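Read the structure below first, then the notes.
The values are calculated or read from the model by the stated rules, or taken from the named source; none is laboratory data. Given the structure is predicted, the values throughout are model-derived calculations rather than measurements. Cβ placement follows ideal geometry from the backbone for every residue including glycine, while neighbour counts extend to all protein chains displayed. Note: accessible area is taken over every heavy atom of the protein model, side chains too, but ligands, DNA and RNA are not part of it. Shrake-Rupley method; radii C 1.70, N 1.55, O 1.52, S 1.80 Å.
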Amino acid sequence: MPPPYSFQPIYQGGHGDSPASSASDHSLLKAPGGGGGGGGYAPYGQPTISDKFALSAAPTDWGAAYDGPEPDDRLHNPDPRRDRNIDSAGSIFTWRGLMNIGFLAILGAALLMLFAGYPIYSAYGKKSQTTSGGFNLGFINASGQGLIDKDTPESARTRKGFDGQDYELVFSDEFNVDNRTFYPGDDPYWEAVDIHYWGTNNLEWYSPRQAFTQDGYLHITLDDVKSHNLDYEGSMLSTWNKFCFTGGYLSASITLPGASDVWGLWPAFWMMGNLGRAGYGASLEGMWPYTYDACDVGTLRNQSLNNYPPAATTMGDPSYDNSLSYLLGQRLSRCTCENEDHPGPKHPDGTWWGRAAPEIDVLEAQVEESTRTGKVSMSGQWAPFNANYLWDNATDNYFMSGVFQQSSSGVIMTDQNCYQFSGGCFDSYGVEYQPGDDGYITWAIREEARWGVKGAGLGPDKTSEISQRPVPYEPMVRYIIFNQGISKNFGNIDYDELKFPSIMKVDWVRVYQPKGKRNIGCDPPDFPTADYIARHEAAYMNPNLTTWEQYNGSKDFPKNALQHQGDADCKKALGVAPDNLKTLT
C-alpha cells in the first residue's frame with residue numbers, strides 16, 4: 001500500500017536563493033497541504049505530527065476488513081419514507097410518561113410550597129409569642145428550666161396562705177446551674193439592664209455583667225469600678241414583659257450584701273406593674289406609682305382642678321410649699337376620653353379602666369446608723385395621695401413620703417447573721433397580696449407574717465377628694481426585680497467601711513397562687529399590655545427617653561374628660577365624675 005503522504009522539498013526564503021541554507025537561516029520544510037493550520041512546519045526531511053497520524057477516509061486503505069453491509073447500518077442512514085410507520089407508532093401518553101410528569105409536578109409543587117407557600121403561611125398564621133416566659137419548646141431556657149424549676153423540692157411546691165387558702169407553685173428559679181448570664185436574649189425569664197438609674201440619683205451604672213449565677217446562687221453585684229463616668233457598677237435584673245403574675249405570694253431566699261452594721265448600700269427585691277419599665281423614664285411618667293380607677297381630681301396634674309380642692313395646695317409637703325403632689329397626672333385613667341390612646345379594658349358603662357404601674361417592695365435593706373442594726377423596709381407606693389400623706393392604718397407608718405409618692409411602709413429587723421460579711425446565712429422574704437378594693441398585702445420573713453395593709457386603709461379621702469385606691473390589680477401583671485445600687489437618696493453612705501465587691505446572693509425565688517386560681521402572664525385578656533407597649537416601643541426600650549414629652553413630642557397625655565368637658569367623646573367619662581367638678585371649667 002502506498003504511503004499516505006509524500007515529501008517535496010520546499011525552500012523558504014532565507015538571505016538568498018541557495019538551496020543549501022546554513023543553520024543560521026533556520027530553513028524549514030513545509031509539508032504538503034499549504035501554509036494553513038493543517039500541515040504545520042517540521043525540520044527538513046521530517047513529517048509533521050498531523051502527517052504521521054492522518055488516515056484515509058476509506059478503512060480499507062489502512063487495513064480494515066470489509067465484509068459488506070452491517071446490521072446497524074440503517075441506524076446511521078435514516079430514510080423518512082422507509083421509517084415513517086415506525087416513527088409514528090405508539091403514543092406519548094404512556095404510563096411511564098405520565099408518571100414522569102406527575103413526579104415532576106409534585107416536585108415543583110413542593111419547591112413552590114417551600115420557597116413561597118411556607119413563608120406566606122408563616123406570616124399570616126403566626127401566633128403571638130406568649131408573655132408567660134420561655135422561648136423554647138416547653139418554655140425552657142438553655143439550662144433546661146421551665147416555669148417551675150425541676151430542682152425545686154416537692155416540699156416547697158405548696159403552702160398554706162395567710163388567707164387560709166391552699167397555694168400551689170406557679171413559678172420558681174433555684175439558680176443551681178452555674179454561669180448563667182442575663183444579657184438581652186440570654187434567658188426566657190430574666191434580663192439585666194444596661195442603664196443609669198438616674199431617677200433616684202444612683203451613683204452606679206447598672207451593667208448586665210454584674211448579674212450571673214455561681215456556686216448555685218444568683219449574684220447581684222455592686223463593685224467600686226468606674227463605669228460610664230460613674231464610680232460604681234451594679235446590677236438590676238427583672239422579668240419585665242417576660243414573666244408576670246397577678247395576685248399570690250412572692251418569696252426569695254437571700255443573703256443581703258455588705259455587713260449588718262455598715263450603712264450605705266441599697267439592695268432591693270420588689271415588683272411593679274408591667275405598663276411601666278423600671279429605669280425607663282418615658283414609660284413611667286404618668287404611670288408610677290398610680291393604682292386608681294376613678295374619674296376625679298386624683299387623675300389630674302398636681303391632684304387639682306383650678307386649684308381645687310384646697311388640700312392640694314395646703315396639706316402637702318412643707319419642702320414644696322405645702323403642695324400635695326408634683327405628679328403630672330394619671331396618663332391612662334378612667335377619665336380618658338373615648339377615642340384616646342388607651343390599652344383597655346373598658347367598664348360596662350363604656351369608660352376606660354384606670355391603668356398604671358404601682359410598686360410593691362418586698363424589701364429594701366438598710367442599716368440604722370444610731371444602733372448599727374440591719375433592717376428592711378417592706379412597703380407599697382401609691383398615688384394619688386391622702387391629705388398630709390396619712391392613710392388609715394392601725395400600725396406605725398415609717399415613711400410617708402411627699403410630692404412624688406405616698407408610701408405604706410413597715411421597717412423590720414433582720415437576722416444580723418444573714419449578710420455577706422456578717423455570717424453569710426440566707427433568710428426568706430416574701431409578700432402575699434390579693435388585688436382589688438377589698439384586697440390586702442401581707443409582708444413576711446421566714447414565712448411569718450410581719451405586717452400588712454388592707455384595702456380599707458387605702459380608701460377614699462374626703463379632704464383631698466380622692467376615691468379608693470385598690471390593692472393593685474395590674475399584671476405584676478407584676479414583674480419581679482432584684483437590684484443593688486448606692487445612692488444618698490436612701491440615706492447616708494459610710495464610704496470608709498464599705499467593702500467591695502458587695503454581693504447580694506439569691507438561693508431561690510418562687511411564686512405561688514391559690515389552687516385553681518392561676519393568673520400568670522404579662523398580657524392577660526382582662527388587663528392587656530402587649531399592644532400598648534408595642535405601640536410605644538421606644539418609650540419602653542430607649543432609656544435615654546426620660547420623659548413622655550421626649551418620646552411623644554408633646555407634654556399632653558390622652559385627653560382627660562375633666563379638662564375637656566365640652567368634647568363629645570368625653571361625655572361617657574365625664575358622666576362618672578363628681579358633679580362638683582363639672583362646674584370648675
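General observations
- Backbone N under 19 Å from the Tyr308 label point (7 Å along Cα→Cβ), restricted to region 549-585: 560-567, 571, 573-585
- Net charge, Val509 excluded, C-beta distance under 10 Å - Lys, Arg +1, Asp, Glu -1: -3
- At R0 = 60 Å, FRET efficiency that the Cβ-Cβ distance of Asp61 and Arg96 yields, to 0.05: 0.85
- With all pairs of separate Cα atoms included, region 374-520 yields a Kirkwood hydrodynamic radius of 17.5 Å.
- Probe 1.4 Å - accessible area at Arg450, Å² to nearest ten: 80
- Angstrom value of the Kirkwood radius, inverse mean 1/r, which spans all Cα pairs in region 324-374: 14.5
- Estimated D of region 136-272 in µm² per second, where Rh is the Kirkwood radius over Cα pairs and Stokes-Einstein applies at 4 °C, 1.567 mPa s: 77
- More than 14 Å apart - percent of Cα-Cα pairs taken over region 497-585: 80
- With 0.36 nm allotted per residue and the present C-alpha distance subtracted, the Asp73-Asp231 stretch has 47.0 nm of extension available.
- Its alpha carbons considered, region 481-549 gives a radius of gyration followed by a Dmax of 19.2, 53 Å.
- The label point for Asp526 and the one for Ala109, both projected 7 Å from the Cα toward the Cβ, are 4.9 nm apart.
- Classification of region 415-502 by its C-alpha gyration tensor yields a prolate form. The axis ratio a/c (a ≥ b ≥ c) is 1.5 or more, and a/b outweighs b/c.
- log10 of Debye I(q)/I(0), alpha-carbon scatterers only, for region 142-216 at 0.16, 0.17, 0.25 Å⁻¹: -0.76, -0.80, -1.10
- Prolate/oblate/rounded label for region 222-374 (Cα gyration tensor, a/c 1.5): prolate
- Pairs of Cα atoms farther than 20 Å apart, region 211-269, %: 43
- Taking N as its residue count, the alpha carbon Rg of region 457-512 over 2.2 N^0.38 Å: 1.87
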